[in-house]
Structures are given as C-alpha cells and as structure tokens.
Amino acid sequence: MLRQLVRKGLNAVDDLVVAADPRAEDHHSLVNVLFHSLYESSAQLGDPALAPNQNVTVADFSAFIEEMLENNYKVVSPAQVDAGLKPGGRYLTITFDDGYFNNQLALEVLNRFRVPATFFISTDHVHQNKAFWWDAFSRELSRSGVPATAQKAEIEQLKVWTPERIDAFLCQRFGSSVLKPSGDLDRPFTPRELGQFALNPWVHIGNHTRDHAILTNCTPDEMAEQIRACQDALADLVGYRPVVIAYPNGNCSPAAVQAALAAGLRLGFTVAPQAPRLPLDDASRMTMGRFFFFGGQDIRRQCRLFGARLVPSHALKRLMQSSPY
Ligand SMILES: [Zn+2]
C-alpha cells in the first residue's frame, strides 16, 4: 500500500537524520508521552469495542518505561514540572487521556517501577458511564463492515462539531443506546473507581474538560464552562483541583489557554510531537507538546526518536496539524 511505503520511507529518513546528528541524543530534556487505552494482552488487540488506536499492551507499556529509565530519564509528576525542573537532566512525563477504566492496568507497572503518571479525565463520561463517541462510532461502523482505515476518516469528520452535536448525530443514526459502553474495555472509570485509583501515590489526575469538548469548536463561554466544570467535578471525585489540562484532541488556541488559566490551571498539554524547551516560559508551559507511543512497533527506536533534536516526520506532522500550537 502507498501509505505503508510512504511511512517506511519517512522512517528511513528519520533514522538517517538522527544517526547523522552527533548531539541528537542530548537534545530534549523534557519528553512528554501520550497514551490512551491499555490492553491486558495482545489477544485483546483489534477488539471492535475500541476505535483504532495505539495498540499498547501492558507489556509494551512496561517495556517503554524500562527503556526510558535505561536512557536515564527521570519520570516526573505535574507538580514537579510546575515547580521547575533542574537544568541538565532528562525528564519524562507519562500521560493517559480520557479516563478509560482499562487504565487501571497501568497501576501494577507504575508501582513496580515507582514512577508517576498523569491521567486526564473527561468527568461527564465518569458521571454518566458514557462511552467515548469515537469508540461507539467505530463499533457501529465495524458492525456495518467498514474497515479500520476508512473508520479513521469518518471519525475525523466529526471532530469539527461540539460534543452535543456529535452525540445527537450518533443517537439519530444508531439509536439512543449507542453511547452505552460495550464492556470493561471501552467504559470509563466509575466515580468510585476513579476515587480509589487516584489514591495511589503514583497516580496524578488532570483536566480533560467536562465532556471531551474540542475547545476550538467552542465559544469562549463554552470553553470556560467545560474546563471549570471539570475542575469542580474532579475536586469532588478525587479530592483536589488539578494543576494540569490536556486539551481534548490536542486542539488549543489563545482563548483556550486563557480559559484554562482562569480556571487555575498552570500547565497544558497538546498533541504536537514536540518537546518543550527548559526552563518553561509562560507560553510554553500551557502548550507543551506530547509524543504518541505505539504498541507493536520498535520500542527502542521510538524512545530514541522522542529525545532526538530533529526528526523529519515529527516536523512534518507539526506542519500538518491545523492547531496553531
Ligand atoms: Zn481525549
């Protein structure tokens, strides 16, 4: 397939550029990595309950942390980033978006390596036991025989809408129970589970808006409400107000940053594949990039590229992202 050939070519260019740069390995001092779902084992991969995703098993997640620790990265919490990181070190934040119940599989790994991770929660999903719309849409498309590659394009098309409009569209097309999770793999945490989960000393909780609103589709008032309501809900669910937000879908704007600051947030994550420079300044601390990690791909290579100074495919992806950040 053409897409696979292009990816192979880009990978080869990345490897050549990184290999040719004598300072490549020394460059990034703060690497932020993004996860979503965790699978118990590779036997679960491809389960139609979840939309096509990063295919990360618990074993992949464990191997990722092991590799980053071997590369002398220190895993840090949002509070440590907020307090300021000592220059000269290599730092890693591990982040999980959305609030999937399957994220509890990370606990055994975090406990074993004694490293922190931050989990960004869309609180209405927790309160309503509501499936994430992209999983629900993908499940229904799979049922109609639409292949995974075509599903991605259909999912992307809905991302220009507000959450209310997306929900209404799905309910109209597939029936009112479409947003009911199909099982433990695709469901969010329950309020009680999230409260328990957040008690683990390696677990940190972050804001992911009230109902996973892509903030750039919202008015300034809607942005403020989405973020503030999530802070209030998390104060109730886990007992504190987070200092960090991950903008849903990574979409951010100056107005979204203002809304986050007004709600008391002090750090923000996008999905631009870019490491922030240290020390963080006022602008960069609210728009820190993150790298996606993929299961089933060379773990050592991915970790090497996260820390590299210039990775052509990362630069290309940044150019193609519509977000100004
Ligand atoms: Zn998300």
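The values are calculated or read from the model by the stated rules, or taken from the named source; none is laboratory data. Quick caveat, the model's predicted, so the values are computed rather than measured. Counting neighbours? That spans all protein chains shown, and the Cβs are built from the backbone with ideal geometry, glycine included.
Filtering the range 125-165 to residues that are among the polar types (S, T, N, Q), within 16 Å of the ligand (Cβ to nearest atom) and buried (at least 18 other Cβ atoms within 10 Å of the Cβ) leaves only S138.
The residues of the range 203-228 that are of a type in the set (A, V, I, L, M, F, W, C) and within 16 Å of the ligand (Cβ to nearest atom), listed by number, are I205, A213, I214, L215, C218, M223, I227.
Residues of the range 79-124 that are touching an Asp or Glu at 6+ places or on another chain (Cβ under 9 Å), among the hydrophobic types (A, V, I, L, M, F, W, C) and within 14 Å of the ligand (Cβ to nearest atom): F119, F120, I121. Scanning the range 281-296 for residues that are crowded, with 18+ Cβ neighbours inside 10 Å and part of a loop (DSSP other than H, G, I, E, B) turns up T287, G289, R290, F293, G295.
Name the residues in the range 26-45 that are part of a loop (DSSP other than H, G, I, E, B) and modelled with pLDDT under 95, would you?
H27, H28, S29
Residues that are more than 14 Å from the chain's Cα centre (by Cα) and aliphatic (A, V, I, L, M) were ranked within the range 245-260; the one that is farthest from I205 (Cα to Cα) is A255. Suppose the filter is buried (at least 21 other Cβ atoms within 10 Å of the Cβ), in contact with a helix residue (DSSP H, G or I) (Cβ under 9 Å, 6 or more places away or on another chain) and assigned to a helix (DSSP H, G or I); does A260 pass it? So A260 passes the test. Checking the range 266-282 against the condition returns a match, with at least one residue being within 16 Å of the ligand (Cβ to nearest atom), touching a Leu at 6+ places or on another chain (Cβ under 8 Å) and touching a residue at least 24 places away in the same chain (Cβ under 8 Å).
Checking the stated criteria, D184 turns out to be away from the ligand (no atom under 16 Å from the Cβ), acidic (D, E), under 20 Å from the mean Cα position of the chain (by Cα) and modelled with pLDDT of 95 or more.
Quickly run through the range 239-256 and pick out the residues that are touching a helix residue (DSSP H, G or I) at 6+ places or on another chain (Cβ under 6 Å), away from the ligand (no atom under 16 Å from the Cβ) and either in contact (Cβ under 8 Å) with a residue 24 or more places away in the chain or of a type in the set (F, W, Y) (or both). Within the range 239-256, V243, S253, A255 qualify. Scanning the range 80-104 for residues that are more than 20 Å from E70 (Cα to Cα) and surrounded by fewer than 18 Cβ atoms within 10 Å (Cβ to Cβ) yields Q80, D82, A83, G84. The residues listed here are L92, L110, L69; of these, the one that is aliphatic (A, V, I, L, M), modelled with pLDDT of 95 or more, under 15 Å from W202 (Cα atoms) and assigned to a helix (DSSP H, G or I) is L110.
Return the residue satisfying two criteria in turn: it lies in the range 1-25 and is closer than 24 Å to T270 by Cβ and not hydrophobic (A, V, I, L, M, F, W, C), and of such residues it is modelled with the highest pLDDT. The qualifying residue modelled with the highest pLDDT is N11. Contact map, the range 212-223: residues that are within 14 Å of S122 (Cα to Cα) and in a loop (DSSP other than H, G, I, E, B) paired with residues that are within 11 Å of the ligand (Cβ to nearest atom) and of a type in the set (A, V, I, L, M, F, W, C), Cβ distance under 8 Å, separation 6+ or inter-chain. Pairs shown: H212/F132; H212/W133.
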